[in-house]
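Here's the structure, in structure tokens; my notes come after.
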Amino acid sequence: MNIALEHPDQPDVVQLIEALDAYQKPLYPPECHYGIDIAALSAAHVLFAVARDECGTAVGCGAMVLEPAYGELKRMFVRPENRGQGIAAKVLTFLEAEAIGKGCTRFALETGISQPEALAFYASAGYVKRGPFGSYPDDPFSVFMEKSAA
């Protein structure tokens with residue numbers, strides 16, 4: 001397993017993002033989707049990590065958008081056939097460490113109420129529920145969480 005910062009516009013990585021969208025879009029009304037696109041993931045203030053298996057296949061990804069007051073976790077995804085191997089935890093740890101290296105001391109995220117596995121994963125990683133942040137509305141389909149850098 002190798003995790004590194006990469007450009008999100010690679011075909012195999014675009015497929016990961018498309019798989020994430022295909023999973024999430026049926027769960028929520030269109031106005032409650034807050035994922036960011038490939039162009040936004042390519043911005044200079046975004047750390048985008050890709051997990052690749054021993055064959056070099058992209059199996060997971062995640063992003064940390066560095067805002068002045070916090071880093072926002074976005075686009076975390078592991079292919080269903082690769083789940084249960086600790087990949088998400090490794091990507092999350094990698095992104096947090098990279099963000100800390102850039103001076104970030106607080107992390108935040110928005111996920112959905114229909115994703116209990118994600119909620120349990122983030123709670124196990126030390127994230128706690130909070131209210132909306134940034135430009136997010138108080139959306140009944142959203143769960144907002146945060147964590148301070150250790």
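The values are calculated or read from the model by the stated rules, or taken from the named source; none is laboratory data. All figures in this text were calculated on a predicted structure; none of them were measured in a lab. Virtual Cβ from ideal backbone geometry, glycine too; neighbours counted across all protein chains shown. The protein model used for the area step is the full one, side chains on, heavy atoms only, and it has no ligands, DNA or RNA in it. Shrake-Rupley method; radii C 1.70, N 1.55, O 1.52, S 1.80 Å.
Just want the answer: with Cβ charges of +1 for Lys and Arg and -1 for Asp and Glu, which residue in 55, 32, 88 is farthest toward the dipole's positive end in the chain?
Comparing the listed Cα positions along the dipole, 88 ranks first.
If you take the square roots of the eigenvalues of the alpha-carbon gyration tensor of region 28-72 and sort them as a ≥ b ≥ c, do you get rounded (a/c under 1.5), prolate (a/b over b/c) or oblate?
oblate
Over the chain, with every protein chain in place, what whole percent of the accessible area is carbon and sulfur at 1.4 Å, could you tell me?
56
Apply the membrane-span-like helix rule to the chain: whole DSSP H runs, Cα extent along the own long axis of at least 15 Å, mean Kyte-Doolittle hydropathy at least 1.0. List the helices found.
Long hydrophobic helices here: 87-101.
Using the crude model of +1 on Lys and Arg Cβ and -1 on Asp and Glu Cβ, and no other charge, please compute the dipole size for the chain relative to its Cα centre, in debye to 20.
So the dipole magnitude of the chain works out to roughly 420 debye.
Over all alpha-carbon pairs of region 1-89, lay out the pair-distance distribution in 10 Å bins, whole %, shortest bin first.
Values per bin, smallest distances first: 16, 50, 30, 4.
Mind checking the per residue accessible area of region 53-150 for me, 1.4 Å probe, whole number of Å²?
49
Between region 75-150 and region 12-60, what's the alpha-carbon centroid distance in Å?
About 14 Å separates the Cα centre of region 75-150 from the one of region 12-60.
Once you have a ≥ b ≥ c as the square roots of the Cα gyration tensor eigenvalues for region 99-150, tell me rounded if a/c is under 1.5, and otherwise prolate or oblate according to whether a/b is larger than b/c.
Because a/c hits 1.5 or more and a/b fails to exceed b/c, region 99-150 counts as oblate.
Compute the Kirkwood hydrodynamic radius of the chain, taking the inverse of the mean of 1/r over all pairs of distinct Cα atoms, and give it in Å to one decimal.
One over the average 1/r among Cα pairs gives 15.5 Å for the chain.
Explain nothing, just the number: relative contact order of region 6-150, from Cα pairs under 8 Å at least 6 residues apart, as a whole percent.
So the answer I get is 20 percent.
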